Amino acid sequence: MMNQSAKASLRLLLYPSIVAVATVLGAGTYFMNNSMATLEQAIIAAVVFAVLFIGLRFIKELPALVVLFFCIFFASYGYTSYRIDHKDVKFLPQQLEGESVWVSGKIIDVSPKGSYIRLTLGEVAFFGIQNNQELPQNIRISVANSRVDALNVGDWVSAQVVLNTPQSPDYIGDFDYRRWAFFKGIGAVGYVRGEIEQTHNYVQNKHTLLSFVNDVRYRVSKRIISHKDSPQQRLNISLLTGMRNYVPFEILEYFRKSGLAHMLAISGLHLGLIGGFIFFGLRKAFSLWPTLALNANTKVISAILGILGSAAYMALAGFTPPTIRAFLLIAVLFIGIILGRLRVVLRVLMLAAVVIVVIAPENVISASFQMSFASAFALLLWAEFQEIQAHSSLKLVKGIDYAKGVLATSFIAGLATMPLVAYHFQDISLMSVVSNLVAVPVLAFWVMPLGLVSLIALPFGVEYPFLWLMGQGSALIIHIAAYVAHIKFSVISVTPVVIPLLFVVCWTCVVLWIIRKKIFSIILLIIGLCVVVYANNTFKIPYPIMWLQQGNVVYLNKDNDVYRFVSTSDPNTLKIAGKFENYYGIAPKELTQCDVAGCVESMDGKHIFMPYDTYVVTLEDCNNADVILAARESSICPDIMLPMNNAKYGALQSVEPLKNRALNTNLRYPWKQ
């Protein structure tokens, strides 16, 4: 049973927790179903529940808390609806898609991608086109690395580009690139045709704080990679600036499969290390100056400089939700040191969640927001109920205590985020605790300290020795991730049907661990994972159609009245098809009923015709088929024709009628307009 102190701590967390959870769920509900209520209905509901709460809070606490939850929930839903519905982002008109146009604009962000650089241009002007006000203000274009060596964030450029509208998802679970672009304010994407010309440089133009920060991040990354372009230096860039696009895809996969992907997302671990190095390093340095140590409060000075250093690192990382959350926690921790009060951190986490949702409600649907707050909440809740223990001065005992701490934190954070990892990435790592036990000390005591020294040395031009030493530690982490990722059965694929079960198992284990029932937690985890693996292999979606023709792969299957297919001539066909197989738990089935015109298959009593090309489709085919999967649009029987074009994925809600072919056809979302 919990003691009185633990019960008092739990009570203090009740109101902040209700506010935070209701805020996040209210915003999240908008993205799941924005037709639940109109803005006016949400406002009325929030006001009614607010009045009820005021009346009940002095009478009965439990009903008042329930009413408070619904008050905040509807207020958050209405606020999210208002913010997003009034966001002004113009997408490229259909008549300009695939057309070559001349544009000019200001570089506001730079993102490397292999041999190309993706430039985000703001304040875009289209030449030779009337009504520029109805055209996108921001666009994202790809250009070869060799053409942008002299360009920086803040420069004005002009170029001939080919643009398209950001693509919508074609199957449930696919990344919604159009929605992502909408929230980034990007109305078109494309590539540069020919050369890109600089019209004004960064120094000649006024710039905002964000463009200044993006320019610094890009310059730092270029400076680091100019010394030596190697995987470890690219990892250094990711750890210091948060620009993960520099890291090769293969290494990203190693980190994901080994459970070390959290290292690539700058968050509490990284900011905590940087803030801690600054605070404790300055206290040690001040102690070597007796006059200052005796006449000034060096703890307060170190804490203030720790806040400033953490803020600078947050800016360098790009003001992402995890870094904002981590900075708020670290800042409050340092303020607590200054004021002599430290036990408010968990409540600050709740405040951070509310602040981030208020600033940008769309963060609630991002994997980084969900995983960051889930792990932080579980770890801080665990720390809140830990008993204060005496620490030994023996180095061996200290080492054992450290190993136990890393094991416990890796175990809790891994359990808290495992269902989210399964939901977003369709697989989970069973070796994450082991890999973190080995890799986290390397990051904490080798890589990040040298990273901080490298950043300090960079303005003076003497950063290379420190970057080289940092790179050796980064190389060791890469080897650890690669080794663990290649261990057989270290990663298991998870189908959507078992994710709710996985969520219940993982968070029950977290609660048991927190209340010191560790043996029961481990036993339940083992049993629960066995059940998950069994369910994962048992409850599979029926076999799809697999069609191999001219380098294209087509999968088609029915799930909850949704017909899904994959079609691609991409060089990564097998990788894409394998990911689709793992996610839906399906296996291929080759078509056999084929002739010179195409292939025919029956599914759920429906006849599906897949012609090799649309020109072979006849009226007889239209009369005999319920669905025609074609390579491109055709004027012949458009009501049953499902064109695949160059899309990798596609889906339709039902075979008849086929006129509503898109997923989630609710057009109230502004990015679907």
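At a glance:
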| item | result |
| --- | --- |
| Accessible heavy-atom area order of MET431, MET32, highest first, probe of 1.4 Å | MET32, MET431 |
| Accessible surface, per residue, of region 44-139 when the full set of protein chains is kept, probe 1.4 Å, Å² | 56 |
| Heavy atoms of ARG234 accessible to a 1.4 Å probe, total area in Å² rounded to 10 | 50 |
| Exposure of SER493 as accessible area (Å², to 10), given a probe of 1.4 Å and all protein chains | 40 |
| Accessible surface of region 271-385, 1.4 Å probe, proportion on carbon and sulfur as whole % | 74 |
| Prolate/oblate/rounded call for region 310-388, Cα gyration tensor, a/c under 1.5 rounded | oblate |
| LEU209 paired with ILE526, simple spin-label distance in nm, labels 7 Å along Cα-to-beta-carbon | 5.3 |
| Solvent exposure, largest accessible area first (probe 1.4 Å, DNA, RNA and ligands not counted), of ASP88, ASP427, ASP109 | ASP88, ASP109, ASP427 |
| Per-residue SASA entry for MET371, accessible area with 1.4 Å probe, Å² rounded to 10 | 50 |
| With 10 Å bins from 0: P(r) over region 55-194, alpha-carbon pairs, percent | 11, 33, 25, 12, 9, 7, 3, 0 |
| Under 5 Å, built H, 5+ apart or other chain: amide partners of TYR191 | SER142, VAL162 |
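The values are calculated or read from the model by the stated rules, or taken from the named source; none is laboratory data. All values derive from a computational prediction rather than experimental measurement. Cβ coordinates were reconstructed from backbone atoms using ideal geometry, including for glycine residues, and neighbour counts include every protein chain displayed. Just so you know, the surface numbers come from the protein's heavy atoms only, side chains and all, with ligands and any DNA or RNA stripped out. Shrake-Rupley method; radii C 1.70, N 1.55, O 1.52, S 1.80 Å.
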